[in-house]
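Encoded as structure tokens, the structure appears first; notes follow it.
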Amino acid sequence: MEKLKKRWGIESNFQIIIIFIVFAITGSSSVYVAKPFLELINLERMAFPEQWWGGTLYWILRILLIFPFYQILLVIYGWLFGQFKFFWAFEKKMLKRLGLGSFFS
């Protein structure tokens with residue numbers, strides 16, 4: 001636990017618990033929030049062919065569309081739980097690793 005606290009730059013075990021809770025809530029709710037959006041743009045499984053590649057394409061597109069919802073909700077939940085500073089830094093670091101760091105320079 002001490003390694004994790006040092007690596008993340010946090011001070012208490014309570015902060016670690018809050019951070020884990022935020023990650024858990026964000027993962028579940030990003031899928032839940034994205035579902036109406038996916039239906040709005042008609043991205044349903046039935047719209048893809050029945051062959052194996054149809055299902056694969058559907059899941060790839062669904063994950064790519066859920067990703068932005070996850071990023072936004074992570075910062076929002078981090079703010080609601082009082083850990084905005086940690087999650088904003090986490091978000092910038094992750095986006096820089098994905099090659100989207102030009103948004104923060």
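Observations on the model:
- Cα pair count fraction exceeding 11 Å, expressed as % - the range 56-105: 70
- Inter-site label distance for ILE25 and LEU100 at 7 Å from Cα along Cβ, in nm: 2.2
- Fraction of accessible area attributable to carbon and sulfur, the chain (%, probe 1.4 Å): 68
- Computed on the Cα atoms alone, the convex hull of the range 23-75 gives a volume of 69 cubic angstrom per residue.
- A dipole drawn for the chain from +1 and -1 charges on Cβ atoms has a positive end, and of TYR77, ILE17, LEU40 the residue lying farthest that way is ILE17.
- For the chain, the per residue solvent-accessible surface stands at 73 Å², with DNA, RNA and ligands left out and a 1.4 Å probe.
- Equivalent ellipsoid, the chain (semi-axes from 5 times Cα gyration tensor eigenvalues, Å): 32, 15, 13
- In this view, the solvent-accessible surface of VAL75, computed with a 1.4 Å probe and all protein chains in place, comes to about 20 Å².
- Dipole of the range 1-78 computed with +1 at Lys/Arg Cβ and -1 at Asp/Glu Cβ about the Cα centre; of LEU64, THR26, MET1, farthest Cα towards the positive end is MET1.
- The angle between the Cα long axis of helix 84-97 and the main principal axis of the chain comes to about 60°, on a 0 to 90 degree scale.
The values are calculated or read from the model by the stated rules, or taken from the named source; none is laboratory data. Small disclaimer: the values here were computed from a predicted structure and weren't measured. Glycine also receives a Cβ, built like all others from the backbone with ideal geometry; neighbour counts cover every protein chain displayed. Side chains included, ligands, DNA and RNA excluded: accessible areas come from the protein's heavy atoms. Shrake-Rupley method; radii C 1.70, N 1.55, O 1.52, S 1.80 Å.
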